[in-house]
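The block underneath contains the structure these notes are about, expressed in structure tokens.
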Amino acid sequence: MTEAYRVTGVKGREIIDCRGTPTVEVDVWVNDVLRGRAGVPSGRSVGSYEACELRDGGSRHDGFGVLQAVKNVNELIGPEIIGMDVTEQRKLDRLMIELDGTPNKSKLGANAILGVSLAAAKAAASSLGIPLYRYINASAHILPVPMMNLVNGGKLSSNDLDFQEFIMMPVGAETFSQALQITTEVNSKLRALLANRYGKLAINVGDEGGCVPPITSVREALDVLQEAVGQTPWEDRIVYALDVAATHLYDKNTKKYTIEGKQLSSKDVIDLFRDLVSRYPIVSIEDPLDEDDFDGFAAITRELGIQIVGDDLFVTNSQRLRKGIEMGAANALLWKVNQIGTLTEALDAASLAFKSGYGVVVSERSGETEDSIIADLVVALNAGQIKTGAPVRSERTGKYNELLRIEEELGSSATYAGRNFRRPF
């Protein structure tokens with residue numbers, strides 16, 4: 001082992017995320033120098049099969065404190081990895097998985113384990129003097145299409161719109177920087193339109209920065225987004241996507257979905273999406289059905305012929321993803337590192353997706369920190385798609401700004417995924 005890369009210190013602490021909710025931050029020292037710091041994001045719209053996020057309970061922070069997870073970093077994980085080579089990511093992550101010993105990381109907490117995993121990766125790249133995206137993949141060069149969530153609903157908002165995200169994708173941009181310009185210009189038009197039509201409260205924002213107008217109709221939300229796009233010169237360069245988060249609309253007892261006050265079967269829901277896709281240039285739908293409905297996901301994937309993304313369906317878990325691949329359920333993976341709890345496991349899931357012809361959408365969580373690590377990770381994967389909220393609020397814009405810097409660093413070798421977002425390489 002190279003002496004220069006030896007882990008000499010690990011420190012966890014409790015910080016707050018963009019909602020003011022506690023989360024874990026971890027520092028990793030290499031050769032007595034602070035080399036890596038990572039903040040752990042947290043979701044509100046959470047799949048049942050995600051790795052366990054350890055919370056303290058009790059009255060402090062309404063039960064959402066993470067002092068036990070921090071204690072696990074400092075007293076259980078840290079002493080075990082002191083002296084390890086920080087560049088041996090897989091070995092380090094495997095040690096933590098074994099130290100936890102549970103199927104869902106419920107002993108130490110996925111938030112504790114992930115904080116160390118990501119901080120170690122940052123520390124390794126810093127020690128080697130290279131960007132994180134280059135440390136993970138020497139061939140990293142693709143800048144992603146931003147999946148801009150401009151209208152919020154569902155659990156991420158205070159309105160009564162059932163679907164969680166209404167998204168625009170500037171696939172016709174020539175560069176990432178132009179894509180970001182397009183999205184900010186559309187967002188500006190959208191905010192003015194919403195304020196004029198629904199009143200100034202309509203441009204308050206949800207957890208991920210999108211507007212939360214008093215709309216209940218899915219078609220009305222799409223219409224207003226399309227109208228804003230039409231006020232810019234970019235209409236022919238933009239397509240749309242939805243995040244439905246349908247598990248939260250499903251009643252497991254009645255086996256029905258409640259959408260716009262109507263009780264719908266799985267077949268009815270597929271018919272709804274078929275109609276929407278015929279009316280609007282929608283190219284991607286995330287979680288259109290319940291997290292356990294692999295058969296329904298397979299049916300809608302066959303019938304619609306667009307990108308169908310599994311989030312709650314797969315939870316960045318290779319075992320669930322493998323089942324989906326075998327059944328033809330969905331054709332893209334929503335990739336969230338905190339759903340599985342280590343960088344190694346998340347990278348393995350992405351590799352399985354790519355090898356199986358599935359797309360990969362790198363995603364934030366609604367409870368983000370200022371850590372911009374997913375900007376490096378999406379480029380490292382050459383994934384071609386990133387979903388990290390509207391172009392407002394620093395926990396969102398920090399990721400976009402870091403991608404601008406990476407685009408600048410890559411120079412002429414950078415390729416914008418554009419219309420090839422599902423198969424960018």
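The values are calculated or read from the model by the stated rules, or taken from the named source; none is laboratory data. Being a predicted model, the structure only gives us computed values, none of them experimental. Cβ placement follows ideal geometry from the backbone for every residue including glycine, while neighbour counts extend to all protein chains displayed. Heads up: the accessible areas ignore ligands, DNA and RNA and are worked out on the full protein's heavy atoms, side chains in. Shrake-Rupley method; radii C 1.70, N 1.55, O 1.52, S 1.80 Å.
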Exercise for the section: Residue by residue through the range 342-398, note down the ones that are in contact with a strand residue (DSSP E or B) (Cβ under 8 Å, 6 or more places away or on another chain), open to solvent by 20 Å² or more (accessible area, probe 1.4 Å) and β-branched (Val, Ile, Thr). Expected result: Val392
Fill in the blank from the handout: Selection over the range 110-147 where residues are in contact with a strand residue (DSSP E or B) (Cβ under 7 Å, 6 or more places away or on another chain) and over 20 Å from Glu364 (Cα atoms) yields a count of 4
Practice task
For Gly65, indicate whether it is in contact with a Lys or Arg (Cβ under 6 Å, 6 or more places away or on another chain) and of a type outside the set (Phe, Trp, Tyr).
Solution key: no
Exercise for the section: Count, please, the residues in the range 163-186 that happen to be touching a Leu at 6+ places or on another chain (Cβ under 9 Å) and surrounded by fewer than 20 Cβ atoms within 10 Å (Cβ to Cβ). Expected result: 2
Handout entry: the range 170-207, subset under 17 Å from Ser157 (Cβ atoms), in a helix (DSSP H, G or I) and of a type in the set (D, E, K, R), residue farthest from the chain's Cα centre (by Cα)
Key = Lys200
